[in-house]
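Contents: one structure, followed by commentary.
No value in this document is a laboratory result; all are computed from the given coordinates. Since this is a predicted model, take the numbers as computed values, not measurements. Positions of Cβ are generated from backbone atoms using ideal geometry, with glycine treated the same way; all protein chains shown enter the neighbour counts.
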Amino acid sequence: MSTNNKLILGVDPGLASTGWAVVASTANKIKFVNAGTIITTNNEDMCTRLKQIYTKLTEVLTCYNLHSAAIEITYVNKNFGSSLKLAQARAVAMLATSLHEVPLTEYQAKTIKQALTGVGSADKKQITAMLALLMPGVDVKDSHTADALAIAICHANHL
């Protein structure tokens, strides 16, 4: 990897599924490096699930010499229980990046969508279509990985 490349981690937090993606950014190009989704199951207790997210993200953080990371700002929705679980998963991701001394930037969902598609109200299909155009040949396995990749690209565009 060239020393001009800045490796950026995007994280789409969730208790059941946390997406992550690493991209390499230079002055004029963003290149896919790796991505995946951390899956936890609801038959395990909360502490175990949060530990799984932390452990897997730590593996990613240890594997790459990251310049920075980005995460989506989340909001409280009508289901407070779901919001609380999301907030806990998000906190674990934020803690992992902090303990690895990787600067973390937070972005509004609208900002991420606008950075990728030019429209702040873009839907999942538009995001997926734009990712296919920006990263030809990259097989995004699920929506969590796609969202993490979109977050990483958004951050690369803002650097």
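If I filter the range 108-115 for residues that are under 15 Å from the mean Cα position of the chain (by Cα), polar (S, T, N, Q), more than 17 Å from residue 22 (Cα to Cα) and not in a strand (DSSP E or B), do I get at least one hit? So far as the range 108-115 goes, yes, one or more of its residues are under 15 Å from the mean Cα position of the chain (by Cα), polar (S, T, N, Q), more than 17 Å from residue 22 (Cα to Cα) and not in a strand (DSSP E or B).
What's the number of the only condition in (1) exposed (fewer than 15 other Cβ atoms within 10 Å of the Cβ); (2) among the hydroxyl-bearing types (Ser, Thr, Tyr); (3) more than 19 Å from residue 37 (Cα to Cα) that residue 117 fails to meet? Just one mismatch for residue 117, condition (1). For residue 93, the test of being under 22 Å from residue 153 (Cβ atoms), in a strand (DSSP E or B) and either free of Cβ contacts under 8 Å to residues at least 24 places away in the same chain or not aromatic (Phe, Trp, Tyr) (or both) is failed. Residues that are among the charged types (D, E, K, R) and touching a helix residue (DSSP H, G or I) at 6+ places or on another chain (Cβ under 7 Å) within the range 58-83 comprise just one, 72. Of all residues in the range 42-90, those satisfying the criterion of being surrounded by 11 or more Cβ atoms within 10 Å (Cβ to Cβ), in contact (Cβ under 8 Å) with a residue 12 or more places away in the chain and assigned to a loop (DSSP other than H, G, I, E, B) are 64, 65, 66, 67, 73, 74. Do the conditions hold for residue 102, that is, is it in a loop (DSSP other than H, G, I, E, B), closer than 17 Å to residue 37 by Cα and touching a residue at least 12 places away in the same chain (Cβ under 8 Å)? Against the criterion (in a loop (DSSP other than H, G, I, E, B), closer than 17 Å to residue 37 by Cα and touching a residue at least 12 places away in the same chain (Cβ under 8 Å)), residue 102 does not qualify.
Is it the case that some residue within the range 32-39 is out of contact with any strand residue (DSSP E or B) (no Cβ under 8 Å at 6 or more places or on another chain), outside any loop (DSSP other than H, G, I, E, B) and surrounded by fewer than 19 Cβ atoms within 10 Å (Cβ to Cβ)? So far as the range 32-39 goes, no, none of its residues is out of contact with any strand residue (DSSP E or B) (no Cβ under 8 Å at 6 or more places or on another chain), outside any loop (DSSP other than H, G, I, E, B) and surrounded by fewer than 19 Cβ atoms within 10 Å (Cβ to Cβ).
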